[in-house]
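Below you'll find the structure, written out as structure tokens, and then a few comments.
The values are calculated or read from the model by the stated rules, or taken from the named source; none is laboratory data. Bear in mind the structure is a predicted one, so any value in this text is a computation, not a measurement. Methodologically, a virtual Cβ is constructed for each residue, glycine included, from the backbone with ideal geometry; neighbour enumeration extends over all protein chains shown. Protein only, heavy atoms only, side chains kept; ligands, DNA and RNA dropped before computing areas. Shrake-Rupley method; radii C 1.70, N 1.55, O 1.52, S 1.80 Å.
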Amino acid sequence: MVSKQAALRASVPPELRDWVDNRLVSAHIRMVRAMVLGTMLNALVIAWALLSELAWYQPALFVASTLAACLHRLWLAEGIERGRRRRRSGKMMLAFQLNSLWLGLNFGIPLAVQMPGLSPAIQLLLAVCAVSQIASAAYTVRTLPRAALLYIAAQTLGLSIALMQIGSPPALGAIVVVVVASALLVHMAYTAHDLFVTRILSDRELGSASRTVKLLLNAYEENGSDWLFELDSEHRLIGVSKRFAEAACDKPETLNGCKFLSLFVDDAGRATIGAALKANRVLRDEVAQLDSAGLGEPRWWSISGRSSRSGDGVAYRGVISDVTQQRRAEHRAHRMALFDALTELPNRANFNSAFSAMLAARSGSEQVALLVLDIDHFKAINDMHGHPLGDGFLKAFAQRLARTVAESGLGGTQPLLARLGSDEFSIAVFGGDACDHAVRLAELLVLAMADPIELDGQEFPSAISLGIALAPMHADNQRHLQSYADIALSAAKKAGRGTWEMFEPGMDEVLHARHSMASDLRHAIGRGELKLFLQPLVDVASEVKTGYEALLRWDHPGRGMIPPDTFIPIAEETGLIVPIGEWVIREAFAEAARWQGRENIAINLSPVQFSSPNLLPVVINALATSGLDPGRVEFEITEGVLLHNSEANIDVLCRLQALGVKIALDDFGTGYASLNYLLTFPFDKIKIDRSFISGLATREESRAIVASVITLANQLGMCTLAEGVEEREQLDTLREQGCVMVQGWLFGKALPSEAYHPAPIPAPKRRPARLAQPRSRVAAQSYSQRQRG
């Protein structure tokens, strides 16, 4: 029985009725020959049986009439099929209906007239032939249900009349069976008709959709930035388009039949693609390097695809994107994160990671030596000759240093050289003779680096001071070794510079000084010694101050103004950064809330603060207390927040962002920062470190790196801010490269908040003070204070 959906689909729209009727007629025409053959076979059998009981001309007349009807039906079918007659569906269907009535009466009339007077055997034969004709009509004429109805009804009527004339109870029962069966066959013919109509309409819609998809795919293939590919069961390319061939630097005829994997370099990406093709698995953005030997720089494609069962010879199809520029940007960002842009030596983060692994791998009698050195009086070179020449000097110094270490043979089994920052370099020596090698290397470097470096026709002194710390002799952990090496370096400088010193226990007086500073820092908040300074954040396009970064200073009663670089590391080591950070958040929010403009306030968050469960409650409370719009708040973090306990810290960042505050990634490029972190969390802003901005006007490498970072950030929808902008030329370059914001001395140093937001002058009094007025004035002040508390 046809379903409701099929019945609904079977109601043909008027504009498609003629097309559907033609398809129904065509479907019947394919069955006409079989129908005619079966009909003639029945007619000949009936005529042969009747010859023994009737005059010869009666069977002959029956056969002739049946043959004429069959030939007429064949003539109709052949004419329509060969196009000799116009395909007017209404007339064609009427013609087949009349022919079906002819055939039905041709059998029904002889049955009704002749069958009752025949012998029982002949009666049985005629009944069987009649039933077979009725059943075959339900099948062969099912796409023309009206024609089937006429054919079946005429024969059923004739057979029923004959059986009624016989009059026996079995004959009367047979009438009921024949009528019911015929009705069911007619119903089946109509059901088959509806299902056929449903199917051809579905096929038409599917064909239309397929054509539309094909047109869209062709347009995409011609105009899109990506291109399509198709593979056969052997994973060979088929149907290669011109754009695909151009991307692969080949011709379509050459690529057709070529193994898909042969386009790529034999690496992990190709192996993954091959495994997916072999297992008919889905590919999603799998990146592989194109085998472009002799074609210039390497290129990368991103491949997505899935297996196909379309039956058109395509076993796998998908889409390819060229991600070469993205991979190059990733490579530049990765190298920027791990290597110093000026000297191309490993940077501090890279060195710390490798040195930590070196210490962890030490066993037995193996030793690790850490050498820390810096250039004597390098600041004078920068001050007297400018940063461009200073950068050139550092580059030449690093080249000589790397060459001397490599040629000395004293680097142990795993020599490691890095630039930690400015003029500070570090060398790690590993092996059983690390102590001896370190001492000999220190002596060699002091002598070799003492020779002046010539730049622009001038000679510049490049003497060094160097400190050494050993593991396990002095310490087993990285932090203490680096601290002891720094103490030894300070001792070498105190000894007159141009020499080296090995750490000795007596040199750790500096540690005692740090402990003393940590003790004083515990009471700094209660004594009111911590101060908030502000430095403007400026919009590049308009050069208008759109916000300020809150910078912490410590006004020590005995040591004077202490910069954050000195006491923040101590606060982080001791955990004091948590209460200090909470104080900064409250004070900065209260300060920003007092500003008449809507400038933003940027606050630095230490990785240690994320270990405190109070961070979110403190921020929420400070926002509520100050009444500050969360959209004006920006928290700056370094990649250190994402290095340890990253999932929990990312959860905290997401909750902060859900409050409406913005999150910025600070010091991008100086540590571990890479695209991984940019994809880990949707930062609102990237702050490009000042070390890249300082060489922006003079060094092509700095310009290329900064441009790559800005382009990458713009593509990811992130704002960029360049730190350390001190010259107008730097600003112009950043503006050309699309940087959004800047910060630096060009627009203002870090100063107390009143320097940028002076306190309003109180209005003059209009009448003499009375007793109630002091209470009112104090109440107003205390109310403001309660709101902040």
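So here's what we get for this one:
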| quantity | calculated |
| --- | --- |
| Count of residues meeting criterion [of a type outside the set (Ser, Thr, Tyr), more than 16 Å from residue 742 (Cβ to Cβ), in contact with a helix residue (DSSP H, G or I) (Cβ under 9 Å, 6 or more places away or on another chain) and assigned to a loop (DSSP other than H, G, I, E, B)] in region 698-731 | 2 |
| Count of residues meeting criterion [open to solvent by 50 Å² or more (accessible area, probe 1.4 Å) and either modelled with pLDDT under 85 or in a strand (DSSP E or B) (or both)] in region 502-515 | 7 |
| Some residue of region 451-459 being surrounded by 14 or more Cβ atoms within 10 Å (Cβ to Cβ) and more than 24 Å from residue 513 (Cβ to Cβ) | yes |
| Hey, residue 531 touching a Phe, Trp or Tyr at 6+ places or on another chain (Cβ under 8 Å) and open to solvent by 40 Å² or more (accessible area, probe 1.4 Å) or not | yes |
| Selected residue [outside any strand (DSSP E or B), surrounded by 13 or more Cβ atoms within 10 Å (Cβ to Cβ), among the aliphatic types (A, V, I, L, M) and modelled with pLDDT of 85 or more] from 217, 261, 237 | 261 |
| Residue match in region 292-300 (condition: out of contact with any Lys or Arg (no Cβ under 8 Å at 6 or more places or on another chain), within 20 Å of residue 230 (Cβ to Cβ) and either at pLDDT below 80 or among the hydrophobic types (A, V, I, L, M, F, W, C) (or both)) | no |
| Region 58-89, subset hydroxyl-bearing (Ser, Thr, Tyr) and either modelled with pLDDT of 85 or more or within 14 Å of residue 102 (Cβ to Cβ) (or both), residue nearest to the chain's Cα centre (by Cα) | 66 |
| Residue in region 344-358 that is in contact with an Asp or Glu (Cβ under 8 Å, 6 or more places away or on another chain), open to solvent by 20 Å² or more (accessible area, probe 1.4 Å), of a type in the set (S, T, N, Q) and modelled with pLDDT of 85 or more present | no |
| Among (1) charged (D, E, K, R); (2) under 27 Å from residue 731 (Cα atoms); (3) touching a Leu at 6+ places or on another chain (Cβ under 7 Å) - the single one residue 587 does not satisfy | (2) |
| Matching residues, region 119-140, being open to solvent by less than 20 Å² (accessible area, probe 1.4 Å) and farther than 11 Å from residue 185 by Cα | 126, 129, 130, 133, 140 |
| Residues of region 154-189 classified as part of a helix (DSSP H, G or I) and more than 14 Å from residue 135 (Cα to Cα), total | 17 |
| Yes/no for residue 270 being modelled with pLDDT of 85 or more, in contact with a strand residue (DSSP E or B) (Cβ under 8 Å, 6 or more places away or on another chain), charged (D, E, K, R) and not in a loop (DSSP other than H, G, I, E, B) | yes |
| All strands (runs of 3 or more DSSP E) inside region 557-650 with 2 or more residues being buried (at least 19 other Cβ atoms within 10 Å of the Cβ) | 600-604, 633-637 |
| Criterion violated by residue 395 - all others in (1) without any contact (Cβ under 8 Å) to a residue 60 or more places away in the chain; (2) closer than 16 Å to residue 469 by Cβ satisfied | (2) |
| Selection count where residues are surrounded by 14 or more Cβ atoms within 10 Å (Cβ to Cβ) and part of a helix (DSSP H, G or I), scope region 732-745 | 4 |
| Within region 376-469, strands (runs of 3 or more DSSP E) holding 3 or more residues that are under 19 Å from residue 343 (Cβ atoms) | 416-421, 424-431, 453-455 |
| Some residue of region 409-425 being over 46 Å from the mean Cα position of the chain (by Cα) and of a type outside the set (Phe, Trp, Tyr) | yes |
| Selection status of residue 377, more than 20 Å from residue 702 (Cα to Cα), open to solvent by 20 Å² or more (accessible area, probe 1.4 Å) and of a type outside the set (D, E, K, R) | yes |
| Some residue of region 321-336 being of a type outside the set (Phe, Trp, Tyr), crowded, with 21+ Cβ neighbours inside 10 Å, out of contact with any Pro (no Cβ under 9 Å at 6 or more places or on another chain) and not in a helix (DSSP H, G or I) | no |
